[in-house]
Amino acid sequence: MPIPDTIEAQQQAYRNSKPSFLGRGIERLTNPVGKTLANLVPKSLMEGVLKGIDSAMSVPALLDFDHDKADFAASQKAARKVERYARSINAASGAAAGFAGALTASADIPATIAVALRNIRDTGRAYGYEGDGKREQVFRLQVLELAALDDPEDRKARLDMLENDIADDGSLTPIATQSIEPLVDQIVERVSRAIAFATFRRRAGMLVPLIGSAVGGFVNSQFQQDVSKAARYAFQARRIAQGE
């Protein structure tokens, strides 16, 4: 089925967009404390969470799909449904984690990353990409990093890299087997750094009991929205290439 004419405009709008207002506002509010928190989180812990969650091939689906994946409009609708579900789940976990302040706030990070990676994978499934194999894992990590970046220049560079990895038929350009693990390590390190700074700055307000519950719910919901936007952009780019 043909790609709707409006999709190119949507793709360009995403490329030109800035980090969400809530994300920027939370960062400005919590930046001094958040940077300190980020520095206290071992890089190995973040990397272990990212690799451990996304290396499992039996990642449970957030939703089951029954639409025609060749129908672009139906795929978009399914992807939006994935976003709503991911935001709902993660907002609830963030609110619960923030309720007790510092005692539980940090425990929500692995859950948030797990939901984000499932969000990305199921968004891909909505567009017809099952996401099996190491090469697809690299792509998902690229999407996650894109969602966590706030610096415009870094964001543009990652967008260019992501698009350059998409072949003319919508598949991903191959990477030599011996190069996969080093590349995954590099991307995981970058994702860890981006999430450590962005997420912990935004979550600093969760350290205050009760108030932290509201902050946790807002921040998690906003983060999953950012993840969904990045994922839709990435998989729509693949569908556009495939359609051409």
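Laboratory data are not the source of any read-out in this text; all were calculated from the coordinates shown. Every value quoted in this text rests on a predicted model; they were computed, and no experiment measured them. Note: ideal-geometry Cβ built from the backbone for every residue, glycine included; neighbour counts use all protein chains shown.
When peptides 168-180, 125-137 are sorted by average Cβ neighbour count within 10 Å, with the highest value leading, the order is 125-137, 168-180. Distance between the pseudo-spin-label points of ASP185 and SER88 (7 Å out from Cα toward the beta carbon): 4.2 nm.
By how many nm would the segment from LEU63 to LYS134 lengthen if fully extended, with 0.36 nm per residue of separation less the alpha-carbon distance?
Details: separation 71, 0.36 × 71 = 25.56 nm, distance 2.25 nm.
That works out to 23.3 nm of additional length.
Could you rank the peptides 138-146, 77-85, 64-72 by their average count of other C-beta atoms within 10 Å per residue, with the highest value first?
Values: 138-146: 23.4, 77-85: 18.3, 64-72: 12.9.
In decreasing order of mean packing, 138-146, 77-85, 64-72 become 138-146, 77-85, 64-72.
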